[in-house]
Amino acid sequence: MNWHSQIAYQCLWCAHPILQLAVAVALWQRKLHQRFPVFFTYILAQVAIFAVTFPVWRAGNYEWFFWSYWLGAVVSAILGFKVIHEVFLDVFRPYHTLKDLGTVVFRWAGVVMLMVSAVVALSSSQKQGPLLHAVTTLERSVRLVQLGLVLFLLLFSRFLGVSRRQHSFGIALGFGIFAAVELMLLALSSGNLLHQEAVGLINMMTFNVTILIWLGYALASNVVRGTAANHLQTQRWEQGLADLQHPTPSHSLIPMFEGMVERAFSRSPNLVDPAEVGEPFPPQHAETTRRSISAAAGAGRSRSPQ
């Protein structure tokens, strides 16, 4: 880097902890650190990483800077993936079954990313080294998942009743913008279409924009969750997954007969509620009704396979 680029790079880098502390204070004041504890931890971890890496870099100790930078990258990747899960849980908060399914999917996604990173590191023949190549692969995998989460929210926000002014959407939007720019810079750098100096400056500026987005959403007033555009279909998904988890036994016909009798009474326009008239049912009518329901239930048991 030339002198001007180096000054600009340092200024952009030093702006990170200042803006991140502002985000942390806003989250604390608005009690959002209780709703998004992982994201709050991620912000504080970024400030701590800067407090370690920047003085070491200024001191010119390359070995210490090398290990502190890459250990910080591992922590950032793990916490960044956990933040995605936290945003996902907040989006699916009204749908408990879908939220449980998403938790299982995210756990397996994390295992798969670790396995892919390990395989790529062991099979790599580059000069970068297996450990660093594994960390780089893990970072790129997390960026892809972050970008995928933003695309998912953009496509299904109305379907799930998620407002684009919600805090969870703002967190995902910041990560998604940074992930998209970083992956694009990586592709341009790999094709020798962009110099490394420009890559570093653009990356720093993009992360500052990301923190400003988080700060804006943290300072914004809380938005009530909207109504889903197709609430009935989302409820059918929820009910379908619940039926898969807790299926009703096929040999049990008693609930079916009870539902049939209940619907028959509720749909009949000629039946009058005895409480409205002030007269109870005749004893013989009540006895006949009980015998009919018992006979239907007994027939259902006799037809069920043993």
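Read-outs throughout are calculated quantities, based only on the coordinates presented, and are distinct from any laboratory measurement. Keep in mind that what you see is a predicted model, and the values were worked out from it rather than measured. Every residue, glycine among them, receives a Cβ derived from its backbone with ideal geometry; neighbour counts consider all protein chains shown.
What is the sum of charges, Lys and Arg at +1 and Asp and Glu at -1, for the other residues whose Cβ falls under 15 Å from the Cβ of Phe36? Mind dumping the intermediate values first?
On the way: positive: Arg30, Lys31, Arg35, Lys82, Arg93; negative: Glu86, Asp90.
Surrounding charge for Phe36 is +3.
Region 20-77 and region 150-215 have Cα centres separated by 18 Å. Each of Ile7, Ile211, Ile171 was scored by other Cβ atoms within 10 Å of its Cβ. Arranged with the fewest first, they read Ile7, Ile211, Ile171.
Which part of region 1-36 falls in the paramagnetic zone of Leu188, meaning amide N under 19 Å from the point 7 Å along Cα-to-beta-carbon? It comes to 1-2, 5-6, 8-10, 12-13, nothing else. In terms of surrounding Cβ atoms within a 10 Å radius of their Cβ, Lys82, Lys31 rank from fewest to most as Lys31, Lys82.
If contacts are Cα pairs under 8 angstrom and at least 6 residues apart, what is the relative contact order of region 163-225 in percent?
Values: 41 pairs, mean separation 35.3, N = 63.
Relative contact order, region 163-225: 56 percent.
Note that region 194-200 has calculated 3J(HN,Hα) couplings of 9, 6, 4, 4, 5, 4, x Hz, one per residue in order, obtained from phi through the Karplus relation 6.51 cos²θ - 1.76 cosθ + 1.60 (θ = phi - 60°); glycine and proline are x.
Determine the gain in length on full extension of the stretch Ala51-Val111; use 0.36 nm per residue of separation and subtract their C-alpha separation, reporting nm with one decimal. Could the numbers behind the result be given before it?
On the way: separation 60, 0.36 × 60 = 21.60 nm, distance 3.06 nm.
That pair, Ala51 and Val111, stretches by 18.5 nm at full extension.
Considering only the other residues whose Cβ falls under 15 Å of the Cβ of Met205, what net charge follows from Lys and Arg at +1 and Asp and Glu at -1? Summing Lys/Arg as +1 and Asp/Glu as -1 gives -2. Applied to region 10-16, the Karplus parametrisation 6.51 cos²θ - 1.76 cosθ + 1.60 on θ = phi - 60° returns per-residue 3J(HN,Hα) values of 5, 5, 5, 5, 5, 6, 4 Hz, with x for Gly and Pro.
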